[in-house]
1. Which aspartates and glutamates have a Cα less than 16 Å from the Cα of Lys159, not counting those fewer than 8 places away in the same chain?
2. Compute a Gaussian network model of the chain, connecting alpha carbons closer than 10 Å, and tell me which residue from Val137, Val243, Val191 fluctuates the most.
3. Any of Lys36/Lys167; Lys33/Lys64; Lys36/Lys182; Lys182/Lys271; Lys25/Lys64; Lys167/Lys198 with alpha carbons more than 23 Å apart? Name them for me.
4. Specify the residue with the greatest mean-square fluctuation among Thr245, Thr201, Thr142, computed from a Gaussian network of the chain linking alpha-carbon atoms under 10 Å apart.
5. Between Leu92 and His228, with labels modelled 7 Å along Cα→Cβ, what's the label distance in nm to one decimal, could you check?
6. Could you work out how much longer the chain between Asn195 and Lys167 gets when fully extended? Use 0.36 nm per residue separation minus the Cα distance between them, nm to one decimal.
7. How many angstrom lie between the C-alpha centres of segment 196-265 and segment 32-49?
8. Spin-label point model (7 Å from Cα, Cβ direction): what's the Asn249 to Glu130 distance in nm?
Amino acid sequence: MRIVNVIKMSGTGNDFLMVDNWDGKFAEADLPKLTKSASVRRVSAGADGVIFLEKAKAPGHDYKMRIVNADGSEAEMCGNGSRCIAVFANLLGRAGLKQTIETLAGTLNAEVSENGRAAKVQLSQPNALEMKEGVDVLGVKTDLCFINTGVPHAIEFVKDVAAVDVKGRGAAIRYHEVFKPKGTNANFVQVLGQNEIKLRTYERGVEDETLACGTGATASAISAALVHGLTAPVKVHVASGDVLTIHFNPDAVKKSSDRPYLEGAVRTVYKGEYYWE
């Protein structure tokens with residue numbers, strides 16, 4: 001049995017176990033094993049995944065972020081996870097309030113509020129919006145927006161997100177042949193106003209609906225601006241009941257030259273020990 005020191009954090013509903021791996025005490029093979037063990041809800045600590053803080057390999061960065069999903073797969077990055085690790089790194093004294101983070105998706109810039117209860121992160125440059133028209137999803141043809149905001153996202157605009165079978169429809173989109181081989185996250189968006197949307201997300205790697213998704217909120221806000229003419233910043237109401245704010249320039253996104261900002265609350269839930277067998 002190994003005792004793992006963890007801090008549980010929630011970024012507007014995305015919950016993670018934060019682990020300091022600065023000294024490399026967890027080997028590469030340990031990361032998916034530990035994550036799969038610790039992420040199971042009700043019988044374990046429970047989380048959307050585990051985030052490991054490591055020494056940066058690239059010069060000019062404060063640290064490196066490793067995000068492992070609940071199923072043991074490693075993601076390129078995570079929007080809400082990057083906001084959580086920014087607060088975590090500051091809490092540990094690994095970085096100040098303004099930070100530069102190394103990820104598999106590139107460099108992220110983050111800023112933590114002085115009280116440590118919120119963080120803002122500049123995400124990687126999104127790919128230009130691509131329309132997937134007439135996609136057959138469970139026997140019904142629909143138009144999907146596709147954009148990569150660090151990880152891939154498909155967006156379907158709906159009249160009422162509350163009426164969507166997120167798990168069933170989300171899985172069908174996530175594994176659809178048009179998004180092979182890696183698949184995609186699936187987002188269902190309801191436009192509420194000129195700069196406001198409601199969002200529910202099925203996350204790849206978690207393989208279920210999550211209460212929030214930062215990169216999904218960003219992808220959805222940008223898609224809503226380009227397709228439905230919303231103006232930035234866009235307020236995104238996520239399933240947890242919290243609100244994320246997305247700052248971006250729609251005209252620049254069309255040319256793939258804008259790096260959006262994701263802003264929202266971070267809650268430090270508890271500090272404890274996880275008994276890993």
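1. Cα-Cα hits under 16 Å: Asp143, Glu196.
2. Checking each option, the largest mean-square fluctuation is seen for Val137.
3. As for pairs spanning more than 23 Å Cα to Cα, those are Lys182/Lys271.
4. Most flexible of the set in this elastic network: Thr142.
5. Label at Leu92, label at His228, 3.9 nm between them.
6. This chain segment gains 7.4 nm when fully extended.
7. 27
8. So the label points at Asn249 and Glu130 sit 2.5 nm apart.
Each reported figure results from applying straightforward, stated rules to the coordinates on display, with no laboratory input. Predicted model only: the values in this text are computed from it and were never measured. Cβ sites come from the backbone with ideal geometry, for glycine too, and all protein chains shown count toward neighbours.
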